[in-house]
Amino acid sequence: MTEEFLYRYVSCQTTPEEEQEILAWLNADPEHERLLAQVHRRHDLAALSAPLINELYDRDRKNNLRHLVRRWAVAGLSAAAAVSLLFGGYYYRQSRMLERLGARNITLDVPAGQHLRISLPDGTAVWLNAGTRLEYPALFADAERRVRVDGEARFDVTHDADHPFVVETYACDVRVLGTEFDVAASRERGSFTMALFEGSVEVRNRQTDQTVRLRPNETVRLEGSRLAVGRIENSDDYLWTEGYINFRGHTFREIIDRYRQVYGVEIRLEGVTVPETKFQWGKIHIQDGVDNAMKVLQTIYPITYEFDPEQRTIVVRNR
């Protein structure tokens, strides 16, 4: 299997027949999955690095970098591939430029009603929920792989014992070597929760320096100024990575709060009185929109609502 063929696959340029060929190749040897991951990382780095290299080129045109930088941008070389070329005095100034690239941060803001999956420069997979902001470096060049989250994100971290992965939030830091977990932190709502699915993590309270270590299927939440550890009780809460809002185990008002977060709308409850019982079932597609989401609640509860799409406001009343 050639690298060119694999690159076409991660670029979504293969036919269904070629994709079946790739899947058969992956199933033939576990080592093939690692090789594909390497190609995927280089593809992601190329997509992230080319615009930044072009920006640095514009700033440094007086330094006579025109020829090499343009070749990188046109060829679509990843930063990792470019680094392999930088040896000897001839490439000194170009290597300095890539050092500057590694110091650049990328910020992603997920729009309301959407969720996003990306790969970080080290191959770590990240799912970002609606309204979430993620900040990370264009290249992981330090001893620690540090990212910052405001909102909700799920991580499947690439193992690298020499370079721990650290997720910073306003309240706590999560330190891992290689694992899968969900973290939700909002400075605006004053909330922090984390759930661990695989591996091991260490969570540190930034205010008190309290530290707890989690095992799989455990959660930690910030209660006042202390971290409280518990068990994952409702795995359906993490279906947002598949595009769903979960109802099971939640009350009407909790679901309304979820709508506010996911769809980025203001929802006012004017004199609404409904039972505060928890749902035993149910989930809805996020992409069906907030109007459809409210109609679902309207079929269950004696309520009516008015939606102003321009102002992004919803007023809910008793029917």
*asked:* Criterion first (under 15 Å from the mean Cα position of the chain (by Cα), buried (at least 16 other Cβ atoms within 10 Å of the Cβ) and free of Cβ contacts under 8 Å to residues at least 24 places away in the same chain) does ARG148 satisfy it?
replied: yes
*Enumeration of residues in the stretch 279-305 that are in a loop (DSSP other than H, G, I, E, B) and either at pLDDT 90 or above or hydrophobic (A, V, I, L, M, F, W, C) (or both)*: TRP281, GLY289, TYR301, PRO302
*Elements of type strands (runs of 3 or more DSSP E) in the stretch 121-226, at least 1 residues being touching a helix residue (DSSP H, G or I) at 6+ places or on another chain (Cβ under 6 Å)*: 125-128, 145-156, 180-186
*Taking into account only those residues within the stretch 308-319 that are surrounded by fewer than 17 Cβ atoms within 10 Å (Cβ to Cβ) and in contact with a helix residue (DSSP H, G or I) (Cβ under 9 Å, 6 or more places away or on another chain), which is nearest to GLY249 (Cα to Cα)?*
ARG319
*State the number of residues belonging to the stretch 232-263 that are touching a Leu at 6+ places or on another chain (Cβ under 8 Å) and of a type in the set (D, E, K, R).*
1
*Residue by residue through the stretch 245-262, note down the ones that are in contact (Cβ under 8 Å) with a residue 12 or more places away in the chain, of a type outside the set (A, V, I, L, M, F, W, C) and closer than 18 Å to SER191 by Cβ.*
ASN246, GLY249, HIS250, THR251, ARG253, ARG258, TYR259, GLN261
_Checking the conditions here, which among ASP236, ASP160 is within 30 Å of LYS278 (Cα to Cα) and either modelled with pLDDT under 95 or assigned by TED's automatic domain parsing to the domain that holds LYS278 (or both)?_
ASP236
*Among the residues of the stretch 173-183, which ones are closer than 24 Å to GLY264 by Cα and either more than 16 Å from the chain's Cα centre (by Cα) or touching a residue at least 40 places away in the same chain (Cβ under 8 Å) (or both)?*
ASP182
*Kindly list, by first and then second residue, each pair from a residue in the stretch 111-137 that is at positive phi to a residue that is surrounded by 18 or more Cβ atoms within 10 Å (Cβ to Cβ) and assigned to a loop (DSSP other than H, G, I, E, B), limited to pairs with Cβ atoms under 8 Å and residues at least 6 apart or on different chains.*
GLY113/ALA130; GLY123/THR158; GLY131/VAL110
*Filter result for the condition that a residue is closer than 26 Å to GLU188 by Cα and surrounded by fewer than 21 Cβ atoms within 10 Å (Cβ to Cβ), over ARG154, ARG133*: ARG133
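Quick check: anything in the stretch 200-207 of a type outside the set (Asp, Glu) and exposed (fewer than 15 other Cβ atoms within 10 Å of the Cβ)? Can you show your working first?
To start, the set of residues in the stretch 200-207 that are of a type outside the set (Asp, Glu) comprises 200-201, 203-207.
Those still in the list that are exposed (fewer than 15 other Cβ atoms within 10 Å of the Cβ) too: 206-207.
Yes: one or more hits.
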*Residue in the stretch 7-22 that is farthest from the chain's Cα centre (by Cα), counting only those that are surrounded by 11 or more Cβ atoms within 10 Å (Cβ to Cβ), modelled with pLDDT under 75 and assigned to a helix (DSSP H, G or I)*: GLN20
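The values are calculated or read from the model by the stated rules, or taken from the named source; none is laboratory data. All of these numbers come straight from a predicted model, not from anything done at the bench. Cβ sites come from the backbone with ideal geometry, for glycine too, and all protein chains shown count toward neighbours.
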